[in-house]
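Structure record follows, encoded as structure tokens.
The values are calculated or read from the model by the stated rules, or taken from the named source; none is laboratory data. Keep in mind it's a predicted model, so treat the numbers as computed, not measured. Cβ: placed from backbone, ideal geometry, glycine included. Neighbour counts: every protein chain shown. These accessible areas exclude ligands, DNA and RNA; they are computed on the full protein's heavy atoms, side chains included. Shrake-Rupley method; radii C 1.70, N 1.55, O 1.52, S 1.80 Å.
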Amino acid sequence: GMRVQYHDIVAPGWVDFVAEPTSLETLLAESDVVTLHVPLTDATRGMIDAAALRRFRPGAYLINTSRGAVVDDVALAEALSTGRLRGAALDVVDPEPLPPDHPLLRAGHTLLTPHLGAKTQSSQVRMNAVVDDVIRVLKGQPPSYSAGE
């Protein structure tokens, strides 16, 4: 029942849920929750800066699980402290870790995790399978998985 909008520089093709493409400006202005899933490039570094944060819908939430430098953390701290944003959940920050006097640590309404978003049980099982295969190959045994699986 949720309306989902997305902005991407590359059309993602078919997705298995209803989602509407939109401009970044519209996305920020209309979304209750904005979640970032971008690589760190020249185009995305500082993408969510003070100007972008002013475009956010008042009371919105920001989630960043991509790269810390995509968000200006000082500007985010200001947006949180003034109530412009209702909250933020960050698995990544820049620099990592934040220094003890960083304003984001005092901003409130912020959930910070230590860059462990990929540390789910299923991802750990898959990573361990890779390690197990490396050990098999080092012992002269064939890998359980071939390239491309």
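Of all residues in segment 17-36, those that are part of a loop (DSSP other than H, G, I, E, B) have Cβ atoms under 9 Å from Cβ atoms of residues that are hydroxyl-bearing (Ser, Thr, Tyr) and at pLDDT below 95, 6 or more apart or on another chain, in Ala19/Tyr6; Thr22/Tyr6. Looking across segment 70-88, the residues that are in a loop (DSSP other than H, G, I, E, B) and either among the charged types (D, E, K, R) or in contact (Cβ under 8 Å) with a residue 60 or more places away in the chain (or both) come down to Asp72, Arg84.
Residues are listed down the side, and each one gets a yes or a no for (1) of a type in the set (S, T, N, Q); (2) within 29 Å of Thr120 (Cα to Cα); (3) open to solvent by less than 50 Å² (accessible area, probe 1.4 Å):
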{"site": "Tyr6", "(1), (2), (3)": "no, yes, no"}
{"site": "Ile9", "(1), (2), (3)": "no, yes, no"}
{"site": "Phe17", "(1), (2), (3)": "no, yes, no"}
{"site": "Leu36", "(1), (2), (3)": "no, yes, yes"}
{"site": "Arg57", "(1), (2), (3)": "no, no, no"}
{"site": "Val70", "(1), (2), (3)": "no, yes, yes"}
{"site": "Asp91", "(1), (2), (3)": "no, yes, yes"}
{"site": "Glu96", "(1), (2), (3)": "no, yes, no"}
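All conditions in (1) within 22 Å of Asp8 (Cβ to Cβ); (2) open to solvent by less than 60 Å² (accessible area, probe 1.4 Å); (3) out of contact with any Leu (no Cβ under 6 Å at 6 or more places or on another chain) hold for Gly108, with the sole exception of (1). The residue of segment 111-135 that is nearest to the chain's Cα centre (by Cα), among those that are modelled with pLDDT of 80 or more and open to solvent by less than 60 Å² (accessible area, probe 1.4 Å), is Thr113.
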